[in-house]
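Here it is, the structure in full.
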Amino acid sequence: MIDSTPPVGLFRQGWRWSGRLVGGLVSLMLTLLGLLAFTFALSHLAPLDPTLQIAGDHASEATYAQVRKDLGLDKPMPVQFWHYLQHLAHGDMGMSSITGQPVASDLMHTFPATIELATCAIILGAALGITLALLSVYKPGSWIDNVVRLVSLLGYSVPIFWLSLLGLLLFYAVLHWAGGPGRLDDAYLYTLEPRTGFVLIDTWLSGDREMFYNAIKHMWLPVTVLALLSMAGITRLLRASMLGEMNKEYVILARSKGAGRARVLLCHVFPNVLGTLITVLSLSYASLLEGAVLTETVFAWPGVGRYLTTALFASDTPAILGSTLLIGTCFVLLNALADALTYLLDPRTR
């Protein structure tokens, strides 16, 4: 008779995985709740008076008090936070005083532009960063290694807004290789049908190849600037991780068996630093979503960064709160995703 009872080890493994999943979800929810509370408190500690912004400087005291009551600012902060959570659960982030539209609607229109810019930049930055790190570790101490270290150091040191302005001056104003600020020329901007919010996809679906090439012409410069920023971090951390692995016993054993340096590097060392690579890529991608604020402002890119900058200058509290919350949530979720992938791919973390 065949025993169909599952082995005890399978139950233990399933229990561990389910416990890990539940613990991760609880930790994620608590982190998001803490982010909400911190962002909400920070918005109330800021020297911005939404009542004065709505009522105006010359409103009477009665009008001022009525506006405060309508906004719920006359209640204690814990009560205001609870009401904010209730509205947020229904997708209500408030109304923007700049656009006169719901903040959630504004973010839905601006966030795809930021995602598109950051995604293209992380793909290019990861390709360059991994390649440079492999070349550097292949011959440490050589002129290639020194050049890679210099390039990564410059990527860390040069301010991104200065690099963006310099790129506009050289490639747009002088050489005319870039399309300049914005996502499209004015001739195409008002004729494009926004289907997905991603300009490359929308211009490709439109069937107008000139419009598609115009979108690429506008995009390549800000993507390159952000890619250089992410490339520097990826190269430095990946290089340090692989150099740390090169002196371990399994590498010495592989070399003693006759494996070449390239084979050892690609087949033995690189798979063992995948956990580090995943973490670096997730942090770089989150930094691009956050650090695109200055780049979007310089290149007039209609994303969340530019929307947040405009809201800061206009003291638009709901827009500031919503944008900060969105970027912070992306940061938390990307970190959680990196932890999960590292746990699945690297047995040493288990």
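Does T224 satisfy the criteria of being in contact with a Phe, Trp or Tyr (Cβ under 6 Å, 6 or more places away or on another chain), among the polar types (S, T, N, Q) and surrounded by 13 or more Cβ atoms within 10 Å (Cβ to Cβ)?
On the way: in contact with a Phe, Trp or Tyr (Cβ under 6 Å, 6 or more places away or on another chain): no; among the polar types (S, T, N, Q): yes; surrounded by 13 or more Cβ atoms within 10 Å (Cβ to Cβ): yes.
No; evaluated as a whole, the condition is false for this residue.
Looking at segment 87-110, is at least one residue in contact (Cβ under 8 Å) with a residue 60 or more places away in the chain, among the β-branched types (V, I, T) and within 27 Å of M29 (Cα to Cα)?
yes
State whether one or more residues within segment 205-213 are buried (at least 19 other Cβ atoms within 10 Å of the Cβ) and either in contact (Cβ under 8 Å) with a residue 24 or more places away in the chain or within 19 Å of the chain's Cα centre (by Cα) (or both). Working first, answer last.
Here is the first cut: in segment 205-213, the ones buried (at least 19 other Cβ atoms within 10 Å of the Cβ) are 211-212.
So of that shortlist, the ones also either in contact (Cβ under 8 Å) with a residue 24 or more places away in the chain or within 19 Å of the chain's Cα centre (by Cα) (or both) come out as 211.
Taking every residue of segment 205-213 in turn, at least one turns out to be buried (at least 19 other Cβ atoms within 10 Å of the Cβ) and either in contact (Cβ under 8 Å) with a residue 24 or more places away in the chain or within 19 Å of the chain's Cα centre (by Cα) (or both).
While we're looking at this one, here's another question. Taking the condition β-branched (V, I, T) and at pLDDT 90 or above, does I98 pass?
no
Here is a yes/no grid of residues against (1) farther than 30 Å from V269 by Cβ; (2) outside any helix (DSSP H, G or I):
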{"site": "T114", "(1), (2)": "yes, no"}
{"site": "A126", "(1), (2)": "no, no"}
{"site": "V148", "(1), (2)": "no, no"}
{"site": "S152", "(1), (2)": "no, no"}
{"site": "L169", "(1), (2)": "yes, no"}
{"site": "A187", "(1), (2)": "yes, no"}
{"site": "T191", "(1), (2)": "yes, yes"}
{"site": "L200", "(1), (2)": "yes, no"}
{"site": "W204", "(1), (2)": "yes, no"}
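Also, I was wondering about something else. Sort through L117, L135 and tell me the only one that's in the same structural domain as L325 (by TED's automatic domain parsing), crowded, with 18+ Cβ neighbours inside 10 Å and touching a helix residue (DSSP H, G or I) at 6+ places or on another chain (Cβ under 8 Å). It would help to see each step written out before you state the result.
Values: L135 fails: crowded, with 18+ Cβ neighbours inside 10 Å.
Matching residue, one of L117, L135: L117.
Next question. Among the residues that make up segment 299-309, is at least one of them part of a helix (DSSP H, G or I), farther than 30 Å from A113 by Cβ and not assigned by TED's automatic domain parsing to the domain that holds L30? Please lay out each step first, then the result.
Within segment 299-309, the subset part of a helix (DSSP H, G or I) is 304-309.
Retained after the next criterion (residues that are farther than 30 Å from A113 by Cβ): none.
Scanning segment 299-309 turns up no residue that is part of a helix (DSSP H, G or I), farther than 30 Å from A113 by Cβ and not assigned by TED's automatic domain parsing to the domain that holds L30.
Which of the residues belonging to segment 236-281 are assigned to a loop (DSSP other than H, G, I, E, B) and exposed (fewer than 15 other Cβ atoms within 10 Å of the Cβ)? First the steps, then the outcome.
Taking segment 236-281 and keeping what is assigned to a loop (DSSP other than H, G, I, E, B), we get 246-248, 257-260, 273.
If the condition is that a residue be assigned to a loop (DSSP other than H, G, I, E, B) and exposed (fewer than 15 other Cβ atoms within 10 Å of the Cβ), then N247, K248, K257, G258, G260 are the ones that fit.
The values are calculated or read from the model by the stated rules, or taken from the named source; none is laboratory data. Only a predicted model underlies this, so the values are computations on that prediction, with no experimental measurement involved. When we count neighbours, we look across all protein chains shown, and the Cβ atoms used for this are built from the backbone with ideal geometry, even at glycine.
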